[in-house]
Structures are given as C-alpha cells and as structure tokens.
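One structure is given here, and the rest of the page talks about it.
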C-alpha cells in the first residue's frame, strides 16, 4: 500500500518523467499502485499521486476488478468530440464535480511487458484515461473548475484534515 498525496499538496503539480526502461521496478510500482487503487477504493491512479514522478497509470473500470490496464508513457494520439461527466479523485477525497473532456480518446502506451499498444476508449474509461494523464502533467480535475470552487474545496479539505488530526 502506497500513501496517496492529498490536494493541495504541491507534489501533485510535478510533471512525471518518461520511463526509460520497463523493468522489474516499474512492474512492482504498477502492482503496488493497483493494490493501493483497489484498497482506496478507486478506478484509476497515477504514479504522481503516490509521489513517484514517472509516467505510469493503472486503471480498472470493471465491476469485478478484472479489467486492470497499466499505461506506461501514455500519449494521446487522437481526441474525438466533447462530453461532460462527473469526476472524483483519490487525491481530492469526497469531492465530485462535472468536467468537460473529449468524448472518445485514442491512446498509445507501453504495457507492463514493455510492448507498445493502442487503445480507443470512451465513456468512463475514456474520461479516466484523460483524468489520470492530467496527473502526469501535474494537473488535477479541480483545476478545470472555477477559482471560487477550488477555494471552497481547499477550505473543505483543510477543515476535514483538522477534524481527523
């Protein structure tokens, strides 16, 4: 289990570096991230969220936790259309809001085997890929919201942190 950074931690704004070699350390990171994501519970996690600034994402939008996909050095090849959906984030616990993203996305990445693959996704998986890729660029979904909403979220999370401390 890896500790998940909480917004507004400045480390969440660090850009992730490319992975030069998919080796055992990267496979272990991906496995640990998946375990952390499932326990949280969540459907996606970027390495940035666990204070590892490498381009690694794990996602599983299946109901039974059987659809784990690991994206290493993901890049968006194509975006199609536009849609709005509600998003939440393990780094911004208990906060949900509507975000506009591409309706469908085509992404290229490496898998844990080091092999390149392409995937076209829409709906929840498509939004999740875009959300997690934002993390690798140091951006959180709340940054798509108004300054007023961001300030309210920061206040709410600070208050919650004081109560649980």
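Filter the stretch 140-149 for residues that are over 17 Å from residue 5 (Cβ atoms) and in a helix (DSSP H, G or I) and give the result. Don't jump to the end; show me each part of the working.
Taking the stretch 140-149 and keeping what is over 17 Å from residue 5 (Cβ atoms), we get 144-149.
Selection gives 144, 147, 148, 149.
Just to be sure before I move on: is residue 17 at pLDDT 95 or above and over 18 Å from residue 141 (Cβ atoms) in the structure I sent?
Values: at pLDDT 95 or above: yes; over 18 Å from residue 141 (Cβ atoms): yes.
Answer is yes for this residue.
For residue 85, only one of the following conditions fails: (1) at pLDDT 95 or above; (2) out of contact with any helix residue (DSSP H, G or I) (no Cβ under 6 Å at 6 or more places or on another chain). What is its number?
So residue 85 meets the others, but not (2).
Any chance the stretch 1-9 includes a residue that's within 21 Å of residue 143 (Cβ to Cβ) and over 14 Å from the mean Cα position of the chain (by Cα)?
Keep residues of the stretch 1-9 that are within 21 Å of residue 143 (Cβ to Cβ), which gives 4-9.
The next check asks that each one be over 14 Å from the mean Cα position of the chain (by Cα); those that pass are 8-9.
Looking for residues that are within 21 Å of residue 143 (Cβ to Cβ) and over 14 Å from the mean Cα position of the chain (by Cα), one finds at least one in the stretch 1-9, hence yes.
Identify, please: which residue in the stretch 127-156 is buried (at least 19 other Cβ atoms within 10 Å of the Cβ) and over 12 Å from the mean Cα position of the chain (by Cα) and is, among those, farthest from residue 61 (Cα to Cα)?
Looking at residues that are buried (at least 19 other Cβ atoms within 10 Å of the Cβ) and over 12 Å from the mean Cα position of the chain (by Cα), I get 153.
Considering only the stretch 24-38, I want to know if a residue exists there that is part of a loop (DSSP other than H, G, I, E, B), touching a residue at least 12 places away in the same chain (Cβ under 8 Å) and either farther than 13 Å from residue 1 by Cβ or touching a helix residue (DSSP H, G or I) at 6+ places or on another chain (Cβ under 8 Å) (or both). Working first, answer last.
Of the residues in the stretch 24-38, the ones part of a loop (DSSP other than H, G, I, E, B) are none.
No, every residue in the stretch 24-38 fails to be part of a loop (DSSP other than H, G, I, E, B), touching a residue at least 12 places away in the same chain (Cβ under 8 Å) and either farther than 13 Å from residue 1 by Cβ or touching a helix residue (DSSP H, G or I) at 6+ places or on another chain (Cβ under 8 Å) (or both).
Are any residues in the stretch 131-148 farther than 19 Å from residue 84 by Cβ and touching a residue at least 60 places away in the same chain (Cβ under 8 Å), and if so, which ones?
Hits for the stretch 131-148 are 135, 136, 137, 138.
Considering only residues of the stretch 77-113 that are touching a strand residue (DSSP E or B) at 6+ places or on another chain (Cβ under 8 Å) and not in a strand (DSSP E or B), which is nearest to residue 157 (Cα to Cα)?
90
For the stretch 68-76, state whether one or more residues are within 16 Å of the chain's Cα centre (by Cα), closer than 16 Å to residue 128 by Cβ, part of a loop (DSSP other than H, G, I, E, B) and free of Cβ contacts under 8 Å to residues at least 12 places away in the same chain.
Checking the stretch 68-76: not a single residue is within 16 Å of the chain's Cα centre (by Cα), closer than 16 Å to residue 128 by Cβ, part of a loop (DSSP other than H, G, I, E, B) and free of Cβ contacts under 8 Å to residues at least 12 places away in the same chain.
The values are calculated or read from the model by the stated rules, or taken from the named source; none is laboratory data. This is a predicted model, so every value here is computed, not measured. Positions of Cβ are generated from backbone atoms using ideal geometry, with glycine treated the same way; all protein chains shown enter the neighbour counts.
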